[in-house]
Amino acid sequence: MIKNSSKNDLIRHRPTGVTVLGILFVIAGAFTLLGGITTLVAIPFVANVNPNVIGNELQLNGQLTPSEQTALAQVSGSILTVLGAVLIPLGIASLVVAYGLFKAKSWAWYVAVALSIIGLVVNVISLVTSDIGAITGALVGIAINAIVLYYLSRRSVRQYFGRVATPTETSSSTTV
């Protein structure tokens, strides 16, 4: 007797960790999107700030000329524009990745791995270049990204995303 099994016959159950990662991507995406929108909304307010206020708040008393303070205010608006323009697509991308994680899309696994590697590299660079106050954040970021990479590399998780052949796919027919 020959028994054939197709991939569609298999019922894949989402691992709990994938659900947790999906929820984290939703939260991160929502905050990133909100941060990008808030940043773009703040631009008119930054553009209208008196340059002397910036100098006083940064405790630059007498260190910057009024024209340098004006230039600092203008550059701040440009930086906020770029930051907002980067954060909004990143927030949307995080929400899309969360959807892919929940729906077992193979591309979502690749993107989650890539984002974790990027996060790991950024945190290592931050660890090397930061002052003592930012080291704790960098260490936490390294730990989180390392845990996510380890989890995504587990066989059951890779199998859920179709990255590993299931036992029934490797032996498509059996004889009795």
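Quick notes on this structure:
- When Ser94 is tested against the conditions (1) open to solvent by 40 Å² or more (accessible area, probe 1.4 Å); (2) of a type in the set (S, T, N, Q); (3) within 30 Å of Val157 (Cβ to Cβ); (4) at pLDDT 90 or above, the lone failure is (1).
- If the condition is being more than 27 Å from Val111 (Cβ to Cβ) and not small (Gly, Ala, Ser), then the stretch 124-147 contributes Asp131, Ile132, Ile135, Thr136.
- Selection of the stretch 103-125 for residues being farther than 17 Å from Gly29 by Cβ and either exposed (fewer than 13 other Cβ atoms within 10 Å of the Cβ) or over 16 Å from the mean Cα position of the chain (by Cα) (or both) yields Ala104, Ser106, Val121, Ile125.
- Single residue of the stretch 1-28 satisfying the filter (among the small types (Gly, Ala, Ser) and at pLDDT 90 or above) that is surrounded by the most Cβ atoms within 10 Å (Cβ to Cβ): Gly22
- Scanning the stretch 128-136 for any residue that is in contact with a helix residue (DSSP H, G or I) (Cβ under 7 Å, 6 or more places away or on another chain) and under 20 Å from His13 (Cα atoms) turns up nothing.
- Residue check, Ser76 surrounded by 16 or more Cβ atoms within 10 Å (Cβ to Cβ), assigned to a helix (DSSP H, G or I) and at pLDDT below 85: yes
The values are calculated or read from the model by the stated rules, or taken from the named source; none is laboratory data. Everything numeric in this text was worked out from a predicted model, so none of it was measured. FYI the Cβ positions are ideal-geometry reconstructions off the backbone, even for glycines, and counts take in every protein chain you see. Note: areas computed on protein heavy atoms with side chains; ligands, DNA, RNA excluded. Shrake-Rupley method; radii C 1.70, N 1.55, O 1.52, S 1.80 Å.
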